[in-house]
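The values are calculated or read from the model by the stated rules, or taken from the named source; none is laboratory data. This structure is a prediction, so every number in the text was calculated from the model and none was measured. Neighbour counts run over all protein chains shown; Cβ positions are idealised from the backbone, glycine included.
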Amino acid sequence: MAYTVQRIPNEPIIVLKVMNPFNPAKEVPEQNAEIAKLSQGVTPPVYLISDLSELKISFSDLVVSLAEVKRDEESAFNNKNLVTLTVGSNEMVRLSVEAAKQKQYGGVNIQIFGSVDEAIAHARSLAKK
Amino acid sequence: LEESVQREEQLLLMTVAGLEASLDNHMPKGVGRDFYRWAISKENPYQGEYLQAQGITQLVKMTCKLLNGLVSDALWEKLAPYTVPMNVYQIYEIVSDNLAIGLASATSFTAEREQRRTILQEFNRSMIARLNGDRRSGDQLLKKIKPLARGVSLFEQSLNSRKQSFFAHVYSEYHRDVKPEDLEAAIFPILVANIESCVDLANFMCDYESGSLILKGLINRYRAVNRLLKHQPLPPQDLLDASTYAILVIPTLAYYIAILGEVIQPQEGFKTVVRNNLLAKALYDAALMVRLLNDLGTWTLQLPPEQYMALSTVLELRYRHYSNSANFIDGLQTAIEDTQVLTRIHKDIVHGEFNVSLYGIRDSSFDSDAIVAFNQNLGYFAQVYQGASQRLQRSLGAIDEQLNHNWLSSLILRFVQFHEVLYSNPYDMKDGEYSI
């Protein structure tokens, strides 16, 4: 398992860190299930920080990942109670954020941050509003 | 594994010896013939590299993978020599096939491309005439394109022009009276040898039950290439037919199947599967699958339907991000350049070769319609591939029942699987260099 997922105690913030080796067909549904479990009982919205800064994702893995998040009802693209913030700077991260904006992927607007700390700070500021 | 390596080495030696004999018998005398004889011999200090660069090593590997283990050791020794005429013919084919590099676009024609198209069309017509019984030699039939052929660069008309140029320069160092330019222009003798070796092959098989299947497969190949070269719009089924016949899968497999089933180990029931068209149907679907693998690559064809939308989305986003070109094909080339999995399409764009997935949109300008059409093509051909795979399984099951054995279906499936593995690699890698 090349990912970790944990909730910041007493806050509606979940941090998912995805690393290599990455097996999207297997891991994306697992991640979604764990995120759904951690979100239980939390008053929405829940802020999901998706840390992809260390992930090197291939073209084919990106295609599989997108298909998985589209298919899975619990995924960040389909779960309206989740607000996703992404950390990372590579081209594949940018592409997945662009894809999420499209209607067929839920038209989700995902912000990109340079570090997890920045993303957490932003999530906290949103949670206070 | 050791036995397989030994057999590959055995087939390679036999193929080189067969090619040497064919150069003497089928190729007109001249600097070209002298060069090829030298290049495949031990006199060439880069013999191994030359055989790899010409696709000979991969061709032999494929033959070995196809046939090794299908027959007993004793029968292998009988079978091995029969691989030589087919492999020799296909070595010439690689060169004539490469003449079509750059001819896929219906609009971006230059005088040089038009000249090459004329040569290729005339070559195909001559081949068909010869296969249909014209007694004139290849040399005579191709006479009118001889001057034109001298204007074609053998180096440029290859997927590895630098390597081709290198071998010619090495030869010139050893043979001071020959200039590399003379060798660069020596395509005509290969075309002649291609015709003669093909006709020998067809004649050798003509008295066997499956001889007509081989002959028809060969004639269909050259007809189909000329049909595609016309650049007239084709309905989808006609496009699939022409593309399927344009590669040599049907005659190649029919030949090996005939050698096994009729020549070295005559099989009970074999003639029935030829006569009732079961074999022809199976060969067509195998050829269709290999064509699509060759054009779209294994990953694309094996993508589950639910992932096609994701592929379309990612392609479109990449396309829009990378491309500032007004031309669809240039933008697509940039967008798929480093994907690793769309390498076959990328190769055909770079080299201007025919590719079913680009049919009808190659000359489009960049707009959403062209992207949608391309994505739809990928999805459509993936469906066609799945359909062909299912039909092939059914045909092979019926053949197994008829023959009470699975040697024939194993051979066809091995052939398809070999290409599935081959075309999952980028074409410029050692394991992905050869294409039939």
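Structure data summary
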{"read-out": "Residue within the range A:75-93 that is on the phi > 0 side of the Ramachandran plot and away from every other protein chain (no Cβ under 14 Å) present", "value": "yes"}
{"read-out": "Residue satisfying condition, being more than 9 Å from chain A (Cβ to nearest Cβ), under 29 Å from A:Tyr105 (Cβ atoms), crowded, with 19+ Cβ neighbours inside 10 Å and hydroxyl-bearing (Ser, Thr, Tyr), within set B:Tyr319, B:Tyr284", "value": "B:Tyr319"}
{"read-out": "Only one of B:Thr313, B:Thr272 that is outside any loop (DSSP other than H, G, I, E, B), surrounded by fewer than 18 Cβ atoms within 10 Å (Cβ to Cβ), over 19 Å from the mean Cα position of the chain (by Cα) and not acidic (Asp, Glu)", "value": "B:Thr272"}
{"read-out": "Residue selected from the range B:354-374 under the condition among the β-branched types (Val, Ile, Thr) and crowded, with 21+ Cβ neighbours inside 10 Å, by the criterion modelled with the lowest pLDDT", "value": "B:Ile371"}
{"read-out": "Flag for A:Ser115 being among the polar types (S, T, N, Q) and either more than 11 Å from the chain's Cα centre (by Cα) or modelled with pLDDT of 95 or more (or both)", "value": "yes"}
{"read-out": "Residues of the range B:126-163 satisfying the condition of being among the small types (Gly, Ala, Ser) and touching a residue at least 12 places away in the same chain (Cβ under 8 Å)", "value": "B:Ser126, B:Ala129, B:Ser137, B:Gly138, B:Ala149, B:Gly151, B:Ser153, B:Ser158"}
{"read-out": "Which numbered condition B:Tyr319 misses (of (1) more than 25 Å from the chain's Cα centre (by Cα); (2) in a loop (DSSP other than H, G, I, E, B))", "value": "(2)"}
{"read-out": "Near pairs, Cβ below 9 angstrom, 6+ apart or cross-chain, from the range B:107-125 (in a helix (DSSP H, G or I)) to any residue that is among the basic types (Lys, Arg) and surrounded by 14 or more Cβ atoms within 10 Å (Cβ to Cβ)", "value": "B:Asn124/B:Arg221; B:Asn124/B:Arg223"}
{"read-out": "Residue check for B:Ala168: within 26 Å of the chain's Cα centre (by Cα), in a helix (DSSP H, G or I), closer than 29 Å to B:Arg223 by Cβ and at pLDDT 95 or above", "value": "no"}
{"read-out": "Among (1) at pLDDT 90 or above; (2) in a loop (DSSP other than H, G, I, E, B); (3) in contact with a Gly (Cβ under 6 Å, 6 or more places away or on another chain); (4) not small (Gly, Ala, Ser) - the single one B:Pro426 does not satisfy", "value": "(1)"}
{"read-out": "Checking B:Leu67 against (1) in contact (Cβ under 8 Å) with a residue 40 or more places away in the chain; (2) more than 18 Å from B:Arg150 (Cα to Cα); (3) within 18 Å of the chain's Cα centre (by Cα), the condition it does not meet", "value": "(3)"}
{"read-out": "Test: A:Leu95 is within 14 Å of the chain's Cα centre (by Cα) and not in a helix (DSSP H, G or I)", "value": "no"}
{"read-out": "Subset of the range B:322-340 (residues that are within 20 Å of A:Glu98 (Cβ to Cβ), at the interface with chain A (Cβ under 8 Å from one of its Cβ atoms) and surrounded by fewer than 20 Cβ atoms within 10 Å (Cβ to Cβ))", "value": "B:Asp338"}
{"read-out": "Lone unmet requirement of (1) in contact (Cβ under 8 Å) with a residue 40 or more places away in the chain; (2) assigned to a helix (DSSP H, G or I) for B:His231", "value": "(2)"}
{"read-out": "Only one of A:Ala100, A:Ala119 that is assigned to a helix (DSSP H, G or I), within 12 Å of chain B (Cβ to nearest Cβ) and either crowded, with 17+ Cβ neighbours inside 10 Å or hydroxyl-bearing (Ser, Thr, Tyr) (or both)", "value": "A:Ala100"}
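Residue by residue, here is whether (1) modelled with pLDDT under 90; (2) more than 14 Å from chain B (Cβ to nearest Cβ); (3) part of a loop (DSSP other than H, G, I, E, B) holds:
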residue	(1), (2), (3)
A:Glu30	no, yes, no
A:Ile35	no, yes, no
A:Gly41	no, yes, yes
A:Glu54	no, yes, yes
A:Lys70	yes, no, no
A:Gly107	yes, no, yes
